[in-house]
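For reference, the structure discussed in these notes is given below.
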Amino acid sequence: MKGPYCWAHADLAGMLLSDLLSSWVSLESLTLSYNGLGSNIFRLLDSLRALSGQAGCRLRALHLSDLFSPLPILELTRAIVRALPLLRVLSIRVDHPSQRDNPAVPGNAGPPSHIIGDEEIPENCLEQLEMGFPRGAQPAPLLCSVLKASGSLQQLSLDSATFASPQDFGLVLQTLKEYNLALKRLSFHDMNLADCQSEVLFLLQNLTLQEITFSFCRLFEKRPAQFLPEMVAAMKGNSTLKGLRLPGNRLGNAGLLALADVFSEDSSSSLCQLDISSNCIKPDGLLEFAKRLERWGRGAFGHLRLFQNWLDQDAVTAREAIRRLRATCHVVSDSWDSSQAFADYVSTM
């Protein structure tokens, strides 16, 4: 069976799926979306392990999402990469914390010992890893064990991950630097990084990453007057980073103008894609940003994304700013109603 296969029936029979998987050696991509697998996930993992051991197995991508998991998400991830060492793409999302310790949940059988073994994860072929976490602090050493075994990893995305301390987050980043030398794209979404400014600077000084995303990460919530110049200085010295996405971090006009210095004449930056959507930017700030780029004679630097900013507060100034910017880059914007901004602000607090 070539191409992706998606099975989203709410009453998926684990035994039937296991029997089918054992014969699907030509399956290349498998998607399981909100099936309520429960303890059937263990039967599934055994079948995937058996499938992976067959000659000619082509399974290279697995996309798994569910409301609950009988295993914490990082233990489940470890089990998957053990069972499928040839997997290239793994996308896994669990919306709510593990129910492993709740015997009242139907079908909540404990995991077999071979599923959650503590032995070291063998080297795998993962190139892309995407993880969406439930609430609650995640054990950094478990994530690090997966990363250490994924030396071919090129793209990592963490959504809603929470760690016990900035030091734990720093441990993850240090692991990436030491073990994931092929990593090019790194994305963080809906993570509170307000107390992780040193770790953010560490990332921006990394000379192997080509694209970094901090989406709704509260980057500038604390000491912005000190942090922004430090961030800009790190970026000015980084000639490798091509794309920076900062949506939803409340950059504001002052932050945008500070960021403009990345493109100054004394900068070594090669940044060519910048996303400053949802950052409370007003037309006068955007116009001044455009003028600074003109003043420095910066050549076309690629793409600038401006979605959901407060540009409707002065349409004439906004149009002039965008006109000037389009001489420098490709601008993508919208006609967002900023009257919704306060509601958006409250919803992300």
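Only residues that are touching a Cys at 6+ places or on another chain (Cβ under 9 Å) and under 18 Å from PHE307 (Cα atoms): list them for region 223-254, please.
GLY243, LEU246, GLY248, ASN249, ARG250, LEU251, GLY252, ASN253
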Quiz item: Any chance region 250-264 includes a residue that's within 25 Å of ARG319 (Cβ to Cβ) and touching a strand residue (DSSP E or B) at 6+ places or on another chain (Cβ under 7 Å)?
Solution: no
Quiz prompt | Single unsatisfied condition, ALA61 versus (1) among the small types (Gly, Ala, Ser); (2) modelled with pLDDT of 95 or more; (3) loosely packed, with under 14 Cβ neighbours inside 10 Å | solution = (3)
Self-check item: Scan of region 1-49 for residues that are within 18 Å of LEU90 (Cβ to Cβ), modelled with pLDDT of 85 or more, open to solvent by 50 Å² or more (accessible area, probe 1.4 Å) and of a type outside the set (D, E, K, R), ordered by number
Solution: TYR34
Quiz item: Got a number for residues in region 203-257 being open to solvent by less than 60 Å² (accessible area, probe 1.4 Å), assigned to a helix (DSSP H, G or I), modelled with pLDDT of 95 or more and within 20 Å of GLY285 (Cβ to Cβ)?
Solution: 10
Self-check item: Test: residue in region 99-121 that is open to solvent by less than 30 Å² (accessible area, probe 1.4 Å), at pLDDT below 90 and within 27 Å of GLN210 (Cβ to Cβ)
Solution: yes
Quiz item: Which of the following residues is open to solvent by 30 Å² or more (accessible area, probe 1.4 Å), farther than 30 Å from SER268 by Cβ and either not hydrophobic (A, V, I, L, M, F, W, C) or not in a strand (DSSP E or B) (or both): PRO134, PRO141?
Solution: PRO141
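Restricting attention to region 146-155, does a residue exist that is part of a strand (DSSP E or B), within 22 Å of LEU86 (Cα to Cα), open to solvent by less than 40 Å² (accessible area, probe 1.4 Å) and not hydrophobic (A, V, I, L, M, F, W, C)?
Filtering region 146-155 down to residues part of a strand (DSSP E or B) leaves 155.
The next check asks that each one be within 22 Å of LEU86 (Cα to Cα); those that pass are 155.
Still in the list and also open to solvent by less than 40 Å² (accessible area, probe 1.4 Å): none.
Among the residues of region 146-155, not one is part of a strand (DSSP E or B), within 22 Å of LEU86 (Cα to Cα), open to solvent by less than 40 Å² (accessible area, probe 1.4 Å) and not hydrophobic (A, V, I, L, M, F, W, C), which makes the answer no.
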Quiz item: When ASN249 is evaluated against the numbered criteria (1) within 29 Å of the chain's Cα centre (by Cα); (2) farther than 21 Å from GLU221 by Cα, which criterion, by number, is the only one it fails?
Solution: (2)
Quiz item: Taking region 317-336, which residues are farther than 16 Å from ASP284 by Cβ, among the hydrophobic types (A, V, I, L, M, F, W, C) and not in a strand (DSSP E or B)?
Solution: ALA327, CYS329, TRP336
Quiz item: From the residues in region 317-339 that are within 26 Å of SER270 (Cα to Cα), surrounded by fewer than 15 Cβ atoms within 10 Å (Cβ to Cβ) and more than 27 Å from the chain's Cα centre (by Cα), which one is modelled with the lowest pLDDT?
Solution: ALA327
Self-check item: In region 178-200, the residues that are open to solvent by 30 Å² or more (accessible area, probe 1.4 Å) and more than 19 Å from GLN128 (Cβ to Cβ)
Solution: GLU178, ASP190, ASN192, ASP195, SER198, GLU199
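The values are calculated or read from the model by the stated rules, or taken from the named source; none is laboratory data. Given the structure is predicted, the values throughout are model-derived calculations rather than measurements. Positions of Cβ are generated from backbone atoms using ideal geometry, with glycine treated the same way; all protein chains shown enter the neighbour counts. Surface accessibility is based on the protein's heavy atoms, side chains included, excluding ligands, DNA and RNA. Shrake-Rupley method; radii C 1.70, N 1.55, O 1.52, S 1.80 Å.
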